[in-house]
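Chemist: I have a structure here, written as structure tokens, and I will follow up with some questions on it.
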Amino acid sequence: MSKFEFPASIHSRPVYGTLEVRAGQTHLMIADAEGAEAILDVATPDLMAKTHIIYIAQGTDYADRLRALSPAQFYEGASYAATVSRIQRVLQDASMGLQLYLAGTEGLMGQAQYEAMQAGIPHTAIQTEHRGSVARRMQCVHCKGMTEDVETDPFVCSHCGLSLFVRDHYSRRLAAYQGVCIDAEDPGNVPAQKGIYE
């Protein structure tokens, strides 16, 4: 399941497109897992000669195919946490007109988009394409703890143990969806778990 058609939702929920090559002197492509497929779909020798790819494999085997594109620079990180300092540095050193492409999971795209916005790039200038897992990065609104890769609704907060309702409300500032206690008014009345998009 590389591509997924997200159902219509509230205004704050991100909407993803399809990567398209834009004119620019430099290009930065950040992807994880199946997000590599989106890069492979748009790659040309001319584009790759001006492109820095930052990739997090997450157990997939696309790294060799990305290297074979001969980008100007290629970096493979073990995780987002291990890669974020490089992303920050590349954005800090970027010149005017950098074209930014994000592909893969919502967690990666949201966090990388936050770093880009901190560097002065408006979110409307950043291209995104969802590929791969539909798991969400969630923040518990009660304890403020973050839980990665949430796939079920409700889910148990990994920090405070509350049963949380998976909301579609998304915070760009936090790069996370919001989870709210599902049984606050009727303790113990928690519905059976199901997949977020079931």
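Chemist: Pairing the Cα long axis of helix 80-93 with the longest principal axis of the chain, what angle in degrees results, from 0 to 90 and rounded to the nearest 10?
Modeler: 50
Chemist: About the Cα centre, and with charges only on the beta carbon of Lys, Arg (+1) and Asp, Glu (-1), how big is the dipole of the chain? Nearest 20 debye, please.
Modeler: Dipole size: approximately 600 debye.
Chemist: For segment 133-197 and segment 48-92, what is the centre-to-centre distance using only Cα atoms, to the nearest Å?
Modeler: Their Cα centres are 30 Å away from one another.
Chemist: Evaluate E = 1/(1 + (r/R0)^6) for LEU174 and ASP46, where r is the Cβ-Cβ distance and R0 equals 45 Å; express this FRET efficiency to the nearest 0.05.
Modeler: Step by step, r from the Cβ atoms, then E = 0.75.
Chemist: Quick one: grab the alpha carbon gyration tensor of segment 61-116, order the square roots of its eigenvalues as a ≥ b ≥ c, and give me rounded if a/c is under 1.5, else prolate or oblate depending on whether a/b is larger than b/c.
Modeler: oblate
Chemist: Students often get this wrong: which residues of segment 148-173 have the backbone nitrogen under 20 Å from the point 7 angstrom along Cα-to-C-beta of VAL190?
Modeler: 148-168
Chemist: Right, another one. Taking R0 as 35 Å, what FRET efficiency do you get between THR124 and SER158 from their Cβ-Cβ distance, rounded to the nearest 0.05?
Modeler: So the FRET efficiency works out to roughly 0.60.
Chemist: Hey, can you find the accessible area per residue of segment 1-83 for me, probe 1.4 Å, expressed in square angstrom? The partial results should precede the final answer.
Modeler: Details: 4550 Å² over 83 residues.
Normalised by residue count, the accessible surface of segment 1-83 is 55 Å².
Chemist: May I ask you to give the percent of accessible area on the chain that is carbon plus sulfur, with a probe radius of 1.4 Å?
Modeler: 49
Chemist: Here's another thing I want to ask about it. Please compute the modelled spin-label separation between GLN92 and GLU198, points set 7 Å along Cα→Cβ, answer in nm with one decimal.
Modeler: 4.5
Chemist: Packing-wise, with mean Cβ within 10 Å as the measure, how do 102-111, 7-16 rank, highest first?
Modeler: So the peptides 102-111, 7-16, ranked by packing, come out 102-111, 7-16.
Chemist: Separate question: Could you check the simple spin-label distance between ALA78 and ALA23, using points 7 Å along Cα→Cβ, in nm with one decimal?
Modeler: For the pair ALA78/ALA23, the computed spacing is 4.3 nm.
Chemist: If you check each cysteine of the chain for another cysteine whose beta-carbon is under 4.7 Å away, which ones come up empty?
Modeler: That list is CYS181.
The values are calculated or read from the model by the stated rules, or taken from the named source; none is laboratory data. Quantities reported herein were computed from a predicted structural model and do not represent experimental measurements. Heads up, the Cβs are rebuilt from the backbone with ideal geometry, glycines too, and the neighbour counts pull from every protein chain shown. Note: areas computed on protein heavy atoms with side chains; ligands, DNA, RNA excluded. Shrake-Rupley method; radii C 1.70, N 1.55, O 1.52, S 1.80 Å.
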